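Read the structure below first, then the notes.
The values are calculated or read from the model by the stated rules, or taken from the named source; none is laboratory data. Bear in mind the structure is a predicted one, so any value in this text is a computation, not a measurement. Remember, those area values only see protein heavy atoms, side chains included, never the ligands or the DNA or RNA. Shrake-Rupley method; radii C 1.70, N 1.55, O 1.52, S 1.80 Å.
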Amino acid sequence: MNINQLEKELDESVQTFNEEVNSLLSSHKKEHFTADDMEELGRQVYYTFNEFKGSLIKYLKQLEK
């Protein structure tokens, strides 16, 4: 993996997060968020950070070689 591949993976994670959150928000334009909605948002944040971590660790391990 090189820096461009890392950047691509991180961009993909951000794009996926953006799509998921926009989907969640679009169904609640005039409603209040529920606890379930907040849990889903929390899951999406977790998934995105976890993907970031995995990509960064993979890149850094490759640098150690």
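Some points to look at:
- When the solvent-accessible area of the chain is split by element, carbon and sulfur atoms take up 56 percent of it, the probe being 1.4 Å.
- Expressed in units of 2.2 N^0.38 Å, where N is the residue count, the Cα radius of gyration of the chain is 1.42.
- Using a probe of 1.4 angstrom and keeping all protein chains present, the accessible surface of the chain works out to 81 square angstrom per residue.
- Under 24 Å, Cα to Cα: Lys pairs in the chain, sequence gap 8 or more or different chains: 6
- For Glu12, solvent-accessible area (1.4 Å; no DNA, RNA or ligand), Å²: 90 Å²
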